[in-house]
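**Q** Pasting in a structure now, in structure tokens, and then I'll have a few things to ask.
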Amino acid sequence: MTARRRLVGGGRLVIASHNRGKVREIGAMLAPHGIAAVSAGDLGLAEPAETGASFADNAALKALAAARAANLPALADDSGLAVAALDGAPGIYSARWAGPGKDFGVAMERVRRELAGREDRRAWFVCALCLAWPDGHTESFEGTVHGTIVWPPRGERGFGYDPVFQPDGYDITFGEMDPAEKDRISHRAAAFRALVETCLG
């Protein structure tokens, strides 16, 4: 079995994303550990095609591409919304439902339309994180948060499907939630805690 690899405080890390919301959330989680984060977008790195069959596959594709291009460790997130009544859709196609313009208003409307006539509103967010080094070594982690789809969308905080997702135990959506509270309970936070324990703790 290959030994776990750790990040060293004071180093630089590429966040392999052009999504400013994700970059902001991940950067905030890294900051207390002395890791200086730079986004793939700021470095002008191309976004590889997400051809994987799972969130974990796509996270690995993105992390390895960024690590090799920048010659630095890179962290990629692949995440999305899964809706029980839609057999887990949109799943790995969550961003594609937003169309080429990445309009998540369109994506949320599609969720509403496809749920028409269905009573089950259970849903969950999934986050797969992959930490990759230029030599091809990777460490992978996954987190989930369960909740309910609500309509109409509520709140202007967060990004993506946040305004229609109400996490279990709360009466507000991710779109209404204080970012610090979302960072504490989100799917990304769960995956990140596992990463910290393994590679930063």
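**Q** Examine region 107-114 for a residue that is basic (Lys, Arg) and at pLDDT below 95, and state whether such a residue exists.
**A** Filtering region 107-114 for residues basic (Lys, Arg) gives 110, 112-113.
Cutting the leftovers down to at pLDDT below 95 gives us none.
No, region 107-114 contains no residue that is basic (Lys, Arg) and at pLDDT below 95.
**Q** Let me ask you something else. Return only the number of the condition from (1) closer than 18 Å to Glu139 by Cβ; (2) touching a Lys or Arg at 6+ places or on another chain (Cβ under 9 Å); (3) modelled with pLDDT under 90; (4) open to solvent by less than 30 Å² (accessible area, probe 1.4 Å) that Asp78 does not satisfy.
**A** (3)
**Q** Can Asp120 be described as farther than 17 Å from Pro153 by Cα and open to solvent by less than 10 Å² (accessible area, probe 1.4 Å)? Quick ask: steps written out before the conclusion?
**A** Values: farther than 17 Å from Pro153 by Cα: yes; open to solvent by less than 10 Å² (accessible area, probe 1.4 Å): no.
Spelling it out, it is not the case that Asp120 is farther than 17 Å from Pro153 by Cα and open to solvent by less than 10 Å² (accessible area, probe 1.4 Å).
**Q** Right, here's the next one. Cβ-Cβ below 8 Å, separation at least six or inter-chain, first residue in region 133-157 and touching a residue at least 40 places away in the same chain (Cβ under 8 Å) and farther than 17 Å from Glu197 by Cβ, second open to solvent by less than 80 Å² (accessible area, probe 1.4 Å) and assigned to a loop (DSSP other than H, G, I, E, B): which pairs?
**A** Trp133/Arg5; Trp133/Pro73; Pro134/Leu72; Pro134/Pro73; His137/Arg5; Val145/Ser186; Pro153/Thr173; Pro153/Gly175
**Q** Just to be sure before I move on: is Ala107 part of a helix (DSSP H, G or I) and without any contact (Cβ under 8 Å) to a residue 60 or more places away in the chain in the structure I sent?
**A** Details: part of a helix (DSSP H, G or I): yes; without any contact (Cβ under 8 Å) to a residue 60 or more places away in the chain: yes.
Answer is yes for this residue.
**Q** Moving to a separate point now. Spot the failing condition for Glu156; the list is (1) closer than 28 Å to Gly52 by Cβ; (2) not in a strand (DSSP E or B), and only one is missed.
**A** Evaluating Glu156 over (1) closer than 28 Å to Gly52 by Cβ; (2) not in a strand (DSSP E or B) leaves (1) as the failure.
**Q** Pull out all pairs, ordered by first then second residue, where Cβ-Cβ is under 7 Å, the residues are six or more apart or on different chains, the first lies in region 174-198 and is open to solvent by less than 10 Å² (accessible area, probe 1.4 Å), and the second is among the acidic types (Asp, Glu) and in a loop (DSSP other than H, G, I, E, B).
**A** What qualifies is Gly175/Glu156.
**Q** Please state which of the following conditions Cys130 fails to meet, knowing it meets all the rest: (1) at pLDDT 95 or above; (2) in a loop (DSSP other than H, G, I, E, B).
**A** That leaves (2) as the condition not met.
**Q** For region 31-75, give me each residue that is surrounded by 15 or more Cβ atoms within 10 Å (Cβ to Cβ), under 16 Å from Ala128 (Cα atoms) and without any contact (Cβ under 8 Å) to a residue 40 or more places away in the chain.
**A** Across region 31-75, the qualifying residues are Asp57, Leu61.
**Q** Quick check on Pro134: is it over 14 Å from the mean Cα position of the chain (by Cα) and crowded, with 18+ Cβ neighbours inside 10 Å? It would help to see each step written out before you state the result.
**A** Details: over 14 Å from the mean Cα position of the chain (by Cα): yes; crowded, with 18+ Cβ neighbours inside 10 Å: no.
No, not satisfied.
**Q** Go through region 137-150 and give me each residue that's open to solvent by 50 Å² or more (accessible area, probe 1.4 Å) and within 16 Å of the chain's Cα centre (by Cα).
**A** Ser140, Glu142, Thr144, His146
**Q** Additional query: Residues to consider are Ala116, Ala123; find the one that is within 17 Å of Ser94 (Cβ to Cβ), of a type in the set (Gly, Ala, Ser) and without any contact (Cβ under 8 Å) to a residue 60 or more places away in the chain. Before the answer, list the steps.
**A** Details: Ala116 fails: within 17 Å of Ser94 (Cβ to Cβ).
Ala123 is the lone residue from the list that is within 17 Å of Ser94 (Cβ to Cβ), of a type in the set (Gly, Ala, Ser) and without any contact (Cβ under 8 Å) to a residue 60 or more places away in the chain.
**Q** Gly143: at positive phi and either assigned to a loop (DSSP other than H, G, I, E, B) or modelled with pLDDT of 95 or more (or both), yes or no? Steps first, please.
**A** Values: at positive phi: no; either assigned to a loop (DSSP other than H, G, I, E, B) or modelled with pLDDT of 95 or more (or both): yes.
For Gly143, the condition - at positive phi and either assigned to a loop (DSSP other than H, G, I, E, B) or modelled with pLDDT of 95 or more (or both) - is not met.
The values are calculated or read from the model by the stated rules, or taken from the named source; none is laboratory data. On a predicted model such as this, the values are computed, not experimentally measured, just so you know. Using ideal geometry, Cβ is built from the backbone for each residue, glycine included, and neighbour counts are taken over all protein chains shown. Ligands, DNA and RNA are excluded from the accessible area calculation, which covers all protein heavy atoms including side chains. Shrake-Rupley method; radii C 1.70, N 1.55, O 1.52, S 1.80 Å.
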